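Trainee: A single structure is presented below for examination.
All of the numbers you see were taken from the coordinates with simple rules; none came from a lab. This is a predicted model, so every value here is computed, not measured. Please note: Cβ atoms are built from the backbone with ideal geometry, for glycine as well, and neighbour counts cover all protein chains shown.
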Amino acid sequence: MPILADTGIELSGEPELVEVHNIIKRWGERRDPRGRSNGSPLTETARGERGQRYVTDVAAPTLGGRAGHRSSEARFAIGKDPISTCEEASVTLVDDLHHMTFLTADLDRLIAFCERIFDARVTLDREDDGHRHAFIEIGPHTVLHPFQVPGVAVPGRQRIFERGRLDHFALNAASEEAFREIRRRLIAEGANATEGGLVTDMGSRLSFSFHDPDSAWHEVIWVKSDMPMRESLKRPSEWTMIELD
């Protein structure tokens, strides 16, 4: 049975759990020259005194769970007494999505669209190896990275699940007001994918679908509730199409 390094704790389950612990341990050992922690969300938990802090619910898709799923198999403890009650911390390994890369038939057209709809700003626009590409920042943590590649055809509208590796993406609206404003702009642009600009009510969230200038289908989401998704998100058969005031 594997043993967690420096703890003496026997660990049941897959050997990969030991590697998860060792990764966290290495994060805890990273410090700057003045002896301060590196600011990682893992650091304080990993270097806390044994028996006082534990790491639980590690999001580890390599342990048999799907991406972002907190697998019960990935729960482990750092300390002398894994049963005792103590302060718990959830380890976050990914902060957000850095960028989304896809093809466009007309980069200038797509940039102008994003500027009108999302108040986007372009932080990079250049040509490398004959391929023009750009970073289009549409939110503080959301960057689109489209490429315009000569000789490569960009497909038009396609049915869901017939669009290739990436089917679509959904953007989080910053607020209900932002959701309504984005919807208003998309309707004025003629880019709404639903008749009359109808919105899909999924229970805990609203969804508004649209087509970009390359006819790709995407969504804008407003999350109405902080309840866990599995408790608040209705099944597709229960969704309703509504009009906003």
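Trainee: For Phe179, what charge total do you get from the other residues with a beta carbon under 12 Å from its beta carbon, if Lys and Arg give +1 and Asp and Glu give -1?
Mentor: Spelling it out: positives minus negatives among the neighbours equals +2.
Trainee: About its Cα centre, what dipole magnitude does region 160-245 give when the only charges are +1 on Lys and Arg Cβ and -1 on Asp and Glu Cβ, stated in debye to the nearest 20?
Mentor: That gives region 160-245 a dipole magnitude of about 200 debye.
Trainee: Pick out, from Phe179, Thr200, Phe161, the residue whose Cα sits farthest towards the positive end of the charge dipole of region 160-245, with +1 on the Cβ of Lys and Arg and -1 on the Cβ of Asp and Glu.
Mentor: Result: Phe161, furthest along the dipole toward the positive end.
Trainee: May I ask what percent, to the nearest 5, of DSSP beta bridges between residues of region 96-154 are antiparallel?
Mentor: Taking every DSSP beta bridge with both residues in region 96-154, the antiparallel ones total about 75 percent.
Trainee: Then there is this: Taking 22 Å as R0, compute the FRET efficiency from the Cβ-Cβ separation of Arg185 and Ile160 and round it to 0.05.
Mentor: Working: r = 24 Å, r/R0 = 1.09.
Efficiency, rounded to the nearest 0.05: 0.40.
Trainee: Something else about it: Please state the charge dipole magnitude for region 96-154, taken about the Cα centre, from unit charges on C-beta atoms (+1 on K and R, -1 on D and E), reported in debye and rounded to the nearest 20.
Mentor: I would put it at about 120 debye.
Trainee: Within 11 Å, Cβ to Cβ, of Gly156, how many net charges do the neighbouring residues add up to if Lys/Arg are +1 and Asp/Glu are -1?
Mentor: Result for the local shell: +1.
Trainee: In a shell of Cβ-Cβ distance under 9 Å around Trp217, excluding Trp217 itself, what net charge do Lys and Arg (+1) and Asp and Glu (-1) give?
Mentor: -1
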